[in-house]
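The values are calculated or read from the model by the stated rules, or taken from the named source; none is laboratory data. As the structure is a prediction and not an experimental result, all values here were calculated from the model. Neighbour counts are summed over all protein chains in view; Cβ atoms, including those assigned to glycine, are modelled from backbone coordinates with ideal geometry. Note: areas computed on protein heavy atoms with side chains; ligands, DNA, RNA excluded. Shrake-Rupley method; radii C 1.70, N 1.55, O 1.52, S 1.80 Å.
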Amino acid sequence: MASYNLFLLPGDGIGPEVMTEVEAIIAWFNAQGIARFEVDRGLVGGSAYDAHGQAISEPDMAKAMASDAVLFGAVGGPKWDKVPYDVRPEAGLLRLRKDLGLFANLRPAICYPALADASSLKREVVEGLDILIVRELTGGVYFGEPKTITDLGHGQKRGIDTQVYETYEIERIARAAFDLAKTRRNKVSSAEKRNVMKTGVLWNEVVTRIHAAEYPSVQLEHVLADNCAMQLVRWPKQYDVIVTDNLFGDVLSDVAAMLTGSLGMLPSASLGAPDAKTGRRKSLYEPVHGSAPDIAGTGAANPIAMIASFGMALRYSLGLGDWADKLDQAIAAVLAQGIRTKDIAGSQPANATTTQMGAAILGELKKLA
């Protein structure tokens, strides 16, 4: 039986609540002998700041580095709005991404038929939607230097953020996107702003070269990032894989997420480069939604995005793609039965708490064993 080390970082707000539902599924996997998951837990975000004065401690960073996959809940909340910038809750996630070398962020946007009416768009626009945004995660304007605010005097300040990309960063994210497209519908849309940004010119040049030299059988189109946002709202099913930089990926993936009706529905994966000896990648899996402090502790949180993030871990890190498929089927079956948490209930009252939704998905998964 294969054995894997999972490091769980539930975080803040609803993070611990939705992580609990994943832990129930992991426990069932262990009981069934499907795999042996060794589970450890740590603190990140505001909870880590309260305990250690840091957004993530050095011992927990070491555990993350040694794990086969990190499962991450959510961080932040009003309680920590005034903590120093370098130890703010989000700094823990940024450090994990940087230190683990998680350069490829995969954010699927899937519209389950049972939830097509939950989208703000017409059913025919979103029903059957299945796109994947591949976002470069460790470069660009979020990490570029200089990053400063300078007091100019006379009540004036200057803020500077620097957008920086090097060739190798674009090459590796392009290869990740083309490889994924080959397992899907064989189309990549590369989004940048080459009309006004030099990094966009370089991005376009490198993606074009990698396509011609290594992936000529994959369809490639180039699209300006602002037009891509418009097209996602107009007719999103024209896309398969969208590859883009850190800043535009942040924006476009949130647009794509809301096409499905709720941020509470969508998972994500952040992957590093394959190890030269083992082929394994450092990885972190997290739901797209935030910490939602306004509903924390009420039982209203939707655990589907966290559970589906574990499904992505099964697929991309743990060699259990067949069980990832079954977990997706279990989620779809529960939704088809009309089981709804508050965020996806629409005009009807919610009929499931966080725990009840998690239990229903586990129940359907057991039927598929």
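Listing for the model above:
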| read-out | value |
| --- | --- |
| Options Thr162, Thr138; residue that is of a type in the set (Val, Ile, Thr), touching a Phe, Trp or Tyr at 6+ places or on another chain (Cβ under 7 Å) and part of a loop (DSSP other than H, G, I, E, B) | Thr138 |
| Criterion: under 21 Å from Glu23 (Cα atoms), at pLDDT 95 or above and open to solvent by 30 Å² or more (accessible area, probe 1.4 Å) - qualifying residue of Ala369, Ala359 | Ala359 |
| Residues that are part of a loop (DSSP other than H, G, I, E, B) and within 24 Å of Gly101 (Cβ to Cβ), drawn from the stretch 192-251 | Tyr215, Asp245 |
| Among (1) of a type outside the set (Asp, Glu); (2) in a loop (DSSP other than H, G, I, E, B); (3) at pLDDT 95 or above - the single one Thr278 does not satisfy | (3) |
| Residue tally, condition open to solvent by 30 Å² or more (accessible area, probe 1.4 Å) and in a loop (DSSP other than H, G, I, E, B), over the stretch 80-100 | 4 |
| Failed item in (1) under 30 Å from Asn5 (Cβ atoms); (2) part of a strand (DSSP E or B); (3) open to solvent by 60 Å² or more (accessible area, probe 1.4 Å); (4) not β-branched (Val, Ile, Thr), with Ser270 passing the rest | (3) |
| Residue match in the stretch 30-41 (condition: over 18 Å from Gly290 (Cα atoms), open to solvent by 10 Å² or more (accessible area, probe 1.4 Å), free of Cβ contacts under 8 Å to residues at least 40 places away in the same chain and part of a helix (DSSP H, G or I)) | yes |
| Long-range neighbours under 8 Å by Cβ, at least six apart or interchain, first residue over 20 Å from Ala324 (Cα atoms) within the stretch 261-281, second modelled with pLDDT under 80 | Gly261/Ala118; Ser262/Ala118 |
| Selection from the stretch 120-135 of residues that are part of a loop (DSSP other than H, G, I, E, B) and open to solvent by 10 Å² or more (accessible area, probe 1.4 Å) | Ser120, Leu121, Lys122, Glu127, Gly128 |
| Residue match in the stretch 317-332 (condition: open to solvent by 60 Å² or more (accessible area, probe 1.4 Å), assigned to a loop (DSSP other than H, G, I, E, B) and modelled with pLDDT of 95 or more) | no |
| Residue tally, condition over 19 Å from Val206 (Cβ atoms) and either open to solvent by less than 10 Å² (accessible area, probe 1.4 Å) or in contact (Cβ under 8 Å) with a residue 60 or more places away in the chain (or both), over the stretch 136-148 | 1 |
| Tally of residues being of a type in the set (Gly, Ala, Ser), closer than 21 Å to Arg194 by Cα and loosely packed, with under 14 Cβ neighbours inside 10 Å across the stretch 207-242 | 1 |
| Selection from the stretch 56-73 of residues that are open to solvent by less than 10 Å² (accessible area, probe 1.4 Å), touching a Phe, Trp or Tyr at 6+ places or on another chain (Cβ under 6 Å) and of a type in the set (Gly, Ala, Ser) | Ala64 |
| Residue list for the stretch 165-191, filter: open to solvent by less than 60 Å² (accessible area, probe 1.4 Å) and assigned to a loop (DSSP other than H, G, I, E, B) | Tyr165, Asn186 |
| Residue count for the stretch 340-356, restricted to those that are open to solvent by 30 Å² or more (accessible area, probe 1.4 Å) and in a helix (DSSP H, G or I) | 4 |
